[in-house]
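The values are calculated or read from the model by the stated rules, or taken from the named source; none is laboratory data. What you see is a predicted model; the values in this text were computed from it and never measured. Cβ placement follows ideal geometry from the backbone for every residue including glycine, while neighbour counts extend to all protein chains displayed. Just so you know, the surface numbers come from the protein's heavy atoms only, side chains and all, with ligands and any DNA or RNA stripped out. Shrake-Rupley method; radii C 1.70, N 1.55, O 1.52, S 1.80 Å.
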Amino acid sequence: MIKLTINGKTVEIEEGATIMEAAAKAGIKIPSLCHLKDVHTYGSCRICVVEVDGMKNLQASCIVRARDGMVVHTNSPKVRAARKVLYELLLSDHPKDCLSCNRNQNCELQELGYELGITETRLEGERSGCSVDISPSITRDTSKCILCRRCVTVCNEIQHVGAIQAQNRGFDTVISPAMGLPLNSTACAMCGQCTVVCPTGALQETDGLSRVWKALGDPGRRVVVQVAPAVRAALGEEFGLPCGTPVTGKMASALHELGFDDVFDTLFSADLTIIEEGTELLQRLQDVLTGGDAVLPMITSCSPGWIKHIEHQFPEELDHLSTCKSPHTMMGAVVKSFYADRLSMDPRDLYVVSVMPCTAKKYEIQRGEMEVDGNRDVDAVLTTRELARMIKSAGIDFVNLPEGSFDAPLGLSTGAADIFGVTGGVMEAALRTVYELVTGRELPFEGLHVTPIVGLEQIKTASFVIEDTLLEYKHLEGVEVKVAVTSGLEGASMLMREVAEGTSPYHFIEVMGCPGGCIAGGGQPRPKEDDFRKKRAAALYSEDEHKPLRKSHENPDLMKLYEEFLGEPGGHLAHKLLHTHYVKRGKYNELV
Ligand code: FES
């Protein structure tokens, strides 16, 4: 431990802590802009400068380590003057069109101006150029960029994608893909993690709201909405509810109030995914054990950011991916076939909107593979943040809404589907069903949770031996099933290198593109707490534990869908509607 003095207060803290951390321990908040704990600690903006006795220059408190005996001033006239000029210089090259900016009232630069007491813009300088790049998922507006480089760090050092970097030097510096290419002409996974950490309106999801409002206002269209599991674990944060508050019922009520004709639940199609994916896994295992040449390990395919990443980075390994579409596109395909039949409607008059925690889903719905008989599975994707804006602009008092519910016939779900939104959840849901189908008994883990794969670690593994199988699965008896789970594209690449080298010991691998899974997806509310992943994950596990049904194959409405419409799991119609294929992509996103 070391002892230092900050603004006259004595603070004791572990050696190695920064001045900013020591100040926080003493209850002193130092203004900051580029710093983001566990993400970006590079000291690029200098807003956090402090005065230290005996040091000539001001020090960036987010990176300079506290030392024993140090005397620090965080609020001296010299510090205040420096911060003000630094801020004014940032503003001198900023559009200042806050009223029409997507981040109005939710912008760190704007909040900082208020904190610093800025009441006028004294400096007007030369403006760096503005270029707006609208990709299917992410919109970049370089005029709003303050060069904090959080996005560069998250893309390069957390996701290990490397789609954007600082280009040029000095005043001409711009954050962009190499050679100024548009994002859609790169190997960007469209995960949107850059939009979560951007402190201004420079990086945001590409607008989906205008199209959805237009569809809702069209009397000739029946507008169907569905919501992904992770949305319910985070939407409340946009309305001031504590992080980790599940808002399933209020969210369903809000969607009804917004005027959607049918409010369905992507959880229903998550249960459907488990039946299709579980069937595929069993088929591949059985084939390999009887001398066939099926490809193992099988890898999950729910996360479109992950799919785009593997298509770019490991194009020779696409056979490992499950052929299942992601749950929301499965729902879209079911709505435009089964539900259109039931309503005796032309599928072209149905408009399917998916509310997702994910920006990559906006890219996914535009893929050529995501349509059946010329009908797009899903017509528009809104992020969780966009749904919150929609609710606010409709004047709905979200916090005081009654607990609503989803509509039949595609609204009922099991707890297995809730945990799809968190790393390890898809694997656990699949194992709950597959193990029971093969042995006739429940998965032998307490509370149905496969504990080795629960948690936020980057890579988790589990194994178990299948004993006493039912007669038709006798050749699986005694097999030790090995599984691995990862979230974030760095961990995915680590597991894929083993797969590519032929040394992967696993039968089944779950990959989610964002660290922690969809709870921390690129379309989720920007977190205000360090342990937001833990709290949102707990919300989903609690939803699961409180459901009367917790295994996908127990969903009665889903079983009815197979009986009345789809036929056999993995059968002809299921394949036509619910399965897909993948394409090899080059570094400019071209098909190869
Ligand atoms: Fe410390 Fe930006 S917050 S340098």
Residue check, Val355 in contact with an Asp or Glu (Cβ under 9 Å, 6 or more places away or on another chain) and not polar (S, T, N, Q): yes
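Does any residue of region 389-403 turn out to be of a type in the set (Asp, Glu), touching a strand residue (DSSP E or B) at 6+ places or on another chain (Cβ under 6 Å) and surrounded by fewer than 24 Cβ atoms within 10 Å (Cβ to Cβ)?
Taking region 389-403 as the starting set, the residues that turn out to be of a type in the set (Asp, Glu) are 397, 403.
Filter once more, keeping what is touching a strand residue (DSSP E or B) at 6+ places or on another chain (Cβ under 6 Å): none.
There is no residue in region 389-403 that is of a type in the set (Asp, Glu), touching a strand residue (DSSP E or B) at 6+ places or on another chain (Cβ under 6 Å) and surrounded by fewer than 24 Cβ atoms within 10 Å (Cβ to Cβ).
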Leading residue by the ranking (most open to solvent (accessible area, probe 1.4 Å)) among those in region 174-204 that are closer than 22 Å to Val422 by Cβ and out of contact with any helix residue (DSSP H, G or I) (no Cβ under 6 Å at 6 or more places or on another chain): Val196
Residue match in region 121-134 (condition: away from the ligand (no atom under 16 Å from the Cβ), hydrophobic (A, V, I, L, M, F, W, C) and modelled with pLDDT under 95): yes
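Regarding Cys62, is this residue touching a strand residue (DSSP E or B) at 6+ places or on another chain (Cβ under 8 Å) and within 14 Å of the ligand (Cβ to nearest atom)? Give the derivation first.
On the way: touching a strand residue (DSSP E or B) at 6+ places or on another chain (Cβ under 8 Å): yes; within 14 Å of the ligand (Cβ to nearest atom): yes.
It is true that Cys62 is touching a strand residue (DSSP E or B) at 6+ places or on another chain (Cβ under 8 Å) and within 14 Å of the ligand (Cβ to nearest atom).
Out of the residues in region 458-473 that are out of contact with any strand residue (DSSP E or B) (no Cβ under 9 Å at 6 or more places or on another chain) and either open to solvent by 60 Å² or more (accessible area, probe 1.4 Å) or free of Cβ contacts under 8 Å to residues at least 24 places away in the same chain (or both), which is farthest from Gly488 (Cα to Cα)?
We begin by selecting, within region 458-473, every residue out of contact with any strand residue (DSSP E or B) (no Cβ under 9 Å at 6 or more places or on another chain); these are 467-473.
The next check asks that each one be either open to solvent by 60 Å² or more (accessible area, probe 1.4 Å) or free of Cβ contacts under 8 Å to residues at least 24 places away in the same chain (or both); those that pass are 467-468, 470-472.
Values: Glu467: 33, Asp468: 36, Leu470: 37, Leu471: 39, Glu472: 37 Å.
Looking at the filtered set, the residue picked out is Leu471.
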Long-range neighbours under 6 Å by Cβ, at least six apart or interchain, first residue farther than 17 Å from Thr200 by Cα and open to solvent by 60 Å² or more (accessible area, probe 1.4 Å) within region 35-64, second more than 6 Å from the ligand (Cβ to nearest atom) and assigned to a strand (DSSP E or B): Asp53/Val71
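Looking at region 473-507, which of its residues are under 17 Å from Arg284 (Cβ atoms) and in contact with a helix residue (DSSP H, G or I) (Cβ under 9 Å, 6 or more places away or on another chain)?
Keep residues of region 473-507 that are under 17 Å from Arg284 (Cβ atoms), which gives 473, 475-476, 479-484, 499, 502, 504-507.
Listed by number, the residues that qualify are Tyr473, His475, Leu476, Val479, Val481, Val483, Ala484, Val499, Ser504, Pro505, Tyr506, His507.
Output yes when any residue across region 35-50 is of a type in the set (Val, Ile, Thr), modelled with pLDDT under 95 and under 29 Å from Lys144 (Cβ atoms), and no when none is.
Start the filter on region 35-50 by keeping residues that are of a type in the set (Val, Ile, Thr), which leaves 39, 41, 47, 49-50.
Subsequent filtering for residues that are modelled with pLDDT under 95 retains 39, 41.
Keeping just the survivors that are under 29 Å from Lys144 (Cβ atoms) gives 39, 41.
Within region 35-50 (the criterion being of a type in the set (Val, Ile, Thr), modelled with pLDDT under 95 and under 29 Å from Lys144 (Cβ atoms)), the answer is yes, since at least one residue qualifies.
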Matching entry among Asp141, Asp207 (being open to solvent by less than 60 Å² (accessible area, probe 1.4 Å) and acidic (Asp, Glu)): Asp141
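Residue under question is Gly291, and the condition is that it be on the phi > 0 side of the Ramachandran plot, more than 22 Å from the chain's Cα centre (by Cα) and not polar (S, T, N, Q); does it hold?
Working: on the phi > 0 side of the Ramachandran plot: yes; more than 22 Å from the chain's Cα centre (by Cα): yes; not polar (S, T, N, Q): yes.
Yes; evaluated as a whole, the condition is true for this residue.
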Subset of region 502-535 (residues that are in contact (Cβ under 8 Å) with a residue 40 or more places away in the chain, polar (S, T, N, Q) and farther than 17 Å from Val196 by Cα): Ser504
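Quick check on region 534-555. Is at least one of its residues in a helix (DSSP H, G or I) and polar (S, T, N, Q)?
The first filter runs over region 534-555 and keeps only residues in a helix (DSSP H, G or I), leaving 534-545, 552-554.
Add one more test, that the residue is polar (S, T, N, Q), and what stays is 542, 552.
Yes, region 534-555 has at least one match.
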Flag if Glu88 is open to solvent by 60 Å² or more (accessible area, probe 1.4 Å) and either part of a loop (DSSP other than H, G, I, E, B) or farther than 29 Å from Gly516 by Cα (or both): no
Filtered residues of region 97-135 (kept if open to solvent by 100 Å² or more (accessible area, probe 1.4 Å), within 30 Å of the chain's Cα centre (by Cα) and under 30 Å from Ser185 (Cβ atoms)): Ile134
Filter result for His309 (surrounded by fewer than 24 Cβ atoms within 10 Å (Cβ to Cβ), part of a helix (DSSP H, G or I) and either of a type outside the set (A, V, I, L, M, F, W, C) or in contact (Cβ under 8 Å) with a residue 24 or more places away in the chain (or both)): no
Scope region 38-53; condition near the ligand (Cβ under 9 Å from one of its atoms), of a type in the set (A, V, I, L, M) and part of a loop (DSSP other than H, G, I, E, B); matching residues: Ile47
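Residues of region 9-23 being among the small types (Gly, Ala, Ser), on the phi < 0 side of the Ramachandran plot and more than 13 Å from the ligand (Cβ to nearest atom), which ones?
Initially, region 9-23 is screened for residues among the small types (Gly, Ala, Ser), giving 16-17, 22-23.
Retained after the next criterion (residues that are on the phi < 0 side of the Ramachandran plot): 17, 22-23.
Passing the criteria: Ala17, Ala22.
To keep it simple, each residue is scored yes or no on (1) in a helix (DSSP H, G or I); (2) at pLDDT below 95; (3) on the phi > 0 side of the Ramachandran plot; (4) basic (Lys, Arg).
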residue	(1), (2), (3), (4)
Val335	yes, no, no, no
Tyr339	yes, no, no, no
Met345	no, no, no, no
Arg348	yes, no, no, yes
Val353	no, no, no, no
Cys358	no, no, no, no
Tyr363	yes, no, no, no
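Quickly run through region 65-76 and pick out the residues that are crowded, with 20+ Cβ neighbours inside 10 Å and either within 30 Å of the chain's Cα centre (by Cα) or within 16 Å of the ligand (Cβ to nearest atom) (or both).
Initial filter on region 65-76 (crowded, with 20+ Cβ neighbours inside 10 Å): 66, 70, 72, 74.
Listed by number, the residues that qualify are Ala66, Val72, Thr74.
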Check on Val79, open to solvent by less than 20 Å² (accessible area, probe 1.4 Å), without any contact (Cβ under 8 Å) to a residue 60 or more places away in the chain, away from the ligand (no atom under 16 Å from the Cβ) and not acidic (Asp, Glu): no
Region 1-27, residues that are closer than 16 Å to Val64 by Cβ and part of a strand (DSSP E or B): Ile2, Leu4, Thr5, Ile6, Val11, Ile13, Thr18
